[in-house]
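Encoded as structure tokens, the structure appears first; notes follow it.
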Amino acid sequence: MEHIKVVAFDCDGVMFDTTKANMAYYNEILQHFGRPTLTPDQFAYCHSHTADQSIAHLFNDEKSVRAAQNYRKNMSYIPFLKYMILEPYLKPLLEKLRPGYKTAIATNRSNTMDRVLSEHGLEEYFDLVVSSSDVDRPKPYPDPLIKILEHFEIEADNALYVGDSELDEIAAKAAGVPFVAYQNRSLSANFHIKSLKEIAQILDIKIA
């Protein structure tokens with residue numbers, strides 16, 4: 001894989017186990033409006049979609065959606081950061097990737113990404129962060145990955161994208177970027193991995 005120049009990551013479910021954080025976040029919103037807590041299907045949707053899309057999915061009429069969006073935008077995500085669990089081997093992998101490779105994030109998170117990185121001391125490890133706020137069309141559209149390719153002035157096969165959802169798979173395929181499926185054998189991918197440590201094996205670099 002000598003032609004790979006950029007390794008890009010999804011955030012939720014790849015860099016972090018965000019199950020508890022996102023569950024608590026959306027349940028807080030639902031409970032404020034007297035709604036039942038998330039069902040498994042609702043959580044699966046919220047895991048990979050943007051916050052705006054998730055609210056629209058959870059609240060099924062325009063008035064309720066508007067009220068929930070306003071409430072969400074005035075909420076702080078900070079209380080939920082403590083529930084985010086760094087995935088094993090992420091930091092050691094990032095340390096080994098730099099400076100030989102550029103690193104990026106393509107996430108459907110919006111304005112919470114910077115705080116997530118700073119809270120976990122990860123800002124210095126990434127050359128570019130593309131959130132849903134940075135593109136007109138978030139994943140599953142290829143726009144976030146195309147933005148990464150354009151930023152680094154590389155071809156699609158010079159990048160590697162690590163994701164865990166169908167939205168990641170669709171975006172990578174549409175952008176022509178080789179896709180690494182993390183802990184999800186149901187996805188169609190160039191590589192399937194159970195541990196981020198395996199990225200080092202794909203790139204033939206050593207990690208402790």
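The values are calculated or read from the model by the stated rules, or taken from the named source; none is laboratory data. Values in this document were obtained by computation on a predicted structure and should not be read as measured data. Cβ coordinates were reconstructed from backbone atoms using ideal geometry, including for glycine residues, and neighbour counts include every protein chain displayed.
With respect to being under 11 Å from the mean Cα position of the chain (by Cα) and within 25 Å of Ile193 (Cα to Cα), Ile105 fits the description. Name the single residue that is modelled with the lowest pLDDT among those in the stretch 102-121 being crowded, with 18+ Cβ neighbours inside 10 Å and part of a loop (DSSP other than H, G, I, E, B). Going through the qualifying residues, I end up with Thr112. Taking the conditions exactly as written (within 16 Å of the chain's Cα centre (by Cα) and without any contact (Cβ under 8 Å) to a residue 40 or more places away in the chain), does Ile193 satisfy them or not? So Ile193 fails the test. Looking across the stretch 81-95, the residues that are modelled with pLDDT of 95 or more, surrounded by 15 or more Cβ atoms within 10 Å (Cβ to Cβ) and not in a loop (DSSP other than H, G, I, E, B) come down to Tyr83, Leu90, Lys91, Leu93, Leu94. Exactly one residue out of Ala56, Ala44 is exposed (fewer than 15 other Cβ atoms within 10 Å of the Cβ) and outside any loop (DSSP other than H, G, I, E, B), and it is Ala44.
The selection criterion, being at pLDDT 95 or above and buried (at least 18 other Cβ atoms within 10 Å of the Cβ), holds for Leu187.
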